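Nothing in this text is a laboratory measurement; each read-out follows from the coordinates by a stated rule. Values in this document were obtained by computation on a predicted structure and should not be read as measured data. So basically every Cβ, Gly included, is an ideal-geometry build from the backbone, and we count neighbours across all protein chains shown.
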Amino acid sequence: MRANIIKIGNSQGIRIPKTVLQQCDIQNEVDIEIKGKIIMLKPFHKKAREGWTEAFKLMKKNKDDKLLINDDLDLQMENWKW
């Protein structure tokens, strides 16, 4: 398949047909890899919880990891209704 290179602002790009995007499961982002003179586009799907460990470490470092509400349970509380 051939595609024309088009001007996009100060950059250039190509239009990829919708059917090709669907066949390759490409949604909003792609990984771009260059091998010699070949440009490879691969679907990019963020993994669930990716980056959470680093985010939690940064929260701890910034002392932003305190609970917003108390999470203890008072089992001796008199107002329990069953």
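Which one of LEU58, LEU73, ILE6 has its Cα pushed farthest toward the positive end of the charge dipole of the chain, where Lys and Arg give +1 and Asp and Glu give -1 at the Cβ?
So the residue furthest toward the plus end is ILE6.
Under 14 Å Cα-Cα from LYS42, which aspartates and glutamates qualify once same-chain neighbours fewer than 8 residues away are excluded?
Result set, ordered by chain and number: ASP25, GLU29, ASP31, GLU33.
Would you please name the trypsin sites (Lys or Arg not before Pro) within the chain that are DSSP coil residues with at most 11 other C-beta atoms within 10 Å of their C-beta? Before the final figure, lay out the partial values.
Values: sites: ARG2, LYS7, ARG15, LYS18, LYS35, LYS37, LYS46, LYS47, ARG49, LYS57, LYS60, LYS61, LYS63, LYS66, LYS81; in loops: ARG2, ARG15, LYS37, LYS46, LYS47, ARG49, LYS63, LYS66, LYS81.
Those satisfying the criteria are ARG2, ARG15, LYS37, LYS46, LYS47, ARG49, LYS63, LYS66, LYS81.
So if the hydrodynamic radius of the chain is defined as the Kirkwood radius over C-alpha pairs, what does Stokes-Einstein give as its diffusion coefficient at 25 °C and 0.890 mPa s, in µm² per second?
Estimated diffusion coefficient is 132 µm²/s.
In nanometres, what is the gap between the two model label sites at ILE5 and GLN22, each 7 Å from Cα along Cα-to-Cβ?
3.0
Any idea what the relative contact order of the chain is, in percent, if you count C-alpha pairs under 8 Å spaced at least 6 apart?
14
Starting from 0.36 nm per residue, how many nanometres of slack lie between LEU41 and ASP65 once their C-alpha separation is accounted for? All intermediate terms of the calculation are to be shown ahead of the outcome.
On the way: separation 24, 0.36 × 24 = 8.64 nm, distance 3.80 nm.
Here the segment from LEU41 to ASP65 would lengthen by 4.8 nm.
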